[in-house]
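Quick notes on the structure that follows.
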Amino acid sequence: MRKALVAGNWKMNGTINDVRELASKISQTEQDKVDIMVAPSFVYLHSVSETLSKTNIFLAGQDCSEFDQGAFTGETCADMLVDLGCTHVIVGHSERRQFFGDSDSRVAAKARKAEIKGLCPIVCVGETLEERDRGRTIEVIERQLCAVFKVIENKFVIAYEPVWAIGTGKSATPEMAQEVHENIRQCAAVHSHVDGLDLRILYGGSVKPDNADELFSMPDIDGGLIGGASLDSESFLKICRSAAELVN
Ligand code: 13P
């Protein structure tokens, strides 16, 4: 049985007051059927960590370095995230792959470093529109997954985020997402050490309160990684409620 997980990726948004207020509103929910997580910008992690300290909401970094520590200006290492109360870290987000050159092998190194340091990696995979149009979706995703499966030994979460659906308002249809999620589960069963049935696979890309129900009704969608809609506490909590009711 897989418990639903809904994670808000706040990306590079908000002021300190905005994120404190958002965290405080989210923390007022009582949900035991869904795990809730937020990933604020690094600079606000400490403050959000304090706001969430007496709750069971998980805290995640949006990325981490593949290195332990040292002269890597601008980077944040996994130990620092643990220090601030993070339990999870997002790696391989398409924005990191697209704008900051994160290759499959670097994403794998980051995921491995995270798990060594005690963080659960949330590994993002997804195809571009061109790759989908050429019928290469599954091939691209298997390549991204296998790079990580080769090095990882503990528990992880996968987030399927089609690049063309992120921030565009154009979500994958539930059937499209289900098809890819089913493939991810099979790929994990064959190529990773985890039992595919235990693996939590989140969908991300323009998830909103109005499409959450249909997405979360799909058998292999275990929750969501939410961008824009996670910046509004009401929308985010509605999505969490959908997941609590419909996942599994
Ligand atoms: P949107 O929900 O804004 O499309 O972003 C999805 C995402 O990138 C979450 O990581």
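The values are calculated or read from the model by the stated rules, or taken from the named source; none is laboratory data. Keep in mind that this is a model prediction, so the values were computed, not measured. Reconstructed Cβ throughout: ideal geometry from the backbone, glycine too, with neighbour counts over all protein chains shown.
Looking at Arg96, Arg143, which is the one that is at pLDDT 95 or above and either within 30 Å of His46 (Cα to Cα) or part of a loop (DSSP other than H, G, I, E, B) (or both)?
The conditions single out Arg96.
Checking Ser47 against (1) within 21 Å of Gly204 (Cα to Cα); (2) of a type in the set (Gly, Ala, Ser); (3) assigned to a helix (DSSP H, G or I), only one condition comes out false. Which one?
Here Ser47 clears every test but (1).
Count, please, the residues in segment 56-103 that happen to be surrounded by fewer than 18 Cβ atoms within 10 Å (Cβ to Cβ), closer than 18 Å to Val157 by Cα and either touching a residue at least 60 places away in the same chain (Cβ under 8 Å) or not polar (S, T, N, Q) (or both).
Final tally of qualifying residues: 1.
Is there a residue in segment 156-170 that is touching a residue at least 12 places away in the same chain (Cβ under 8 Å), buried (at least 19 other Cβ atoms within 10 Å of the Cβ), over 17 Å from Tyr203 (Cβ atoms) and away from the ligand (no atom under 14 Å from the Cβ)? Reasoning before the result, please.
In the first step, residues of segment 156-170 are kept if they are touching a residue at least 12 places away in the same chain (Cβ under 8 Å); the result is 156-170.
Then keep just the ones that are buried (at least 19 other Cβ atoms within 10 Å of the Cβ); that gives 156-166.
Keeping just the survivors that are over 17 Å from Tyr203 (Cβ atoms) gives none.
No: segment 156-170 contains no residue that is touching a residue at least 12 places away in the same chain (Cβ under 8 Å), buried (at least 19 other Cβ atoms within 10 Å of the Cβ), over 17 Å from Tyr203 (Cβ atoms) and away from the ligand (no atom under 14 Å from the Cβ).
Looking at the structure I just gave you, is Ile221 crowded, with 20+ Cβ neighbours inside 10 Å, of a type in the set (A, V, I, L, M), within 24 Å of Cys120 (Cα to Cα) and more than 12 Å from the ligand (Cβ to nearest atom)?
Taking the combined requirement at face value, the residue satisfies it.
Looking at segment 2-31, I want the residues that are on the phi > 0 side of the Ramachandran plot and have a partner that is among the acidic types (Asp, Glu) and within 16 Å of the ligand (Cβ to nearest atom) with Cβ atoms under 8 Å, at least 6 apart or on another chain. Which pairs are those?
Pairs that qualify, where the first residue is on the phi > 0 side of the Ramachandran plot and the partner is among the acidic types (Asp, Glu) and within 16 Å of the ligand (Cβ to nearest atom), are Lys11/Glu95.
Residues of segment 36-45 being surrounded by 14 or more Cβ atoms within 10 Å (Cβ to Cβ) and either of a type in the set (S, T, N, Q) or without any contact (Cβ under 8 Å) to a residue 60 or more places away in the chain (or both), which ones?
If the condition is that a residue be surrounded by 14 or more Cβ atoms within 10 Å (Cβ to Cβ) and either of a type in the set (S, T, N, Q) or without any contact (Cβ under 8 Å) to a residue 60 or more places away in the chain (or both), then Met37, Ala39, Pro40, Ser41, Phe42, Tyr44, Leu45 are the ones that fit.
Residue by residue through segment 228-248, note down the ones that are over 19 Å from Lys170 (Cβ atoms) and among the hydrophobic types (A, V, I, L, M, F, W, C).
Scanning segment 228-248 gives Phe236, Leu237, Cys240, Ala243, Ala244, Leu246, Val247.
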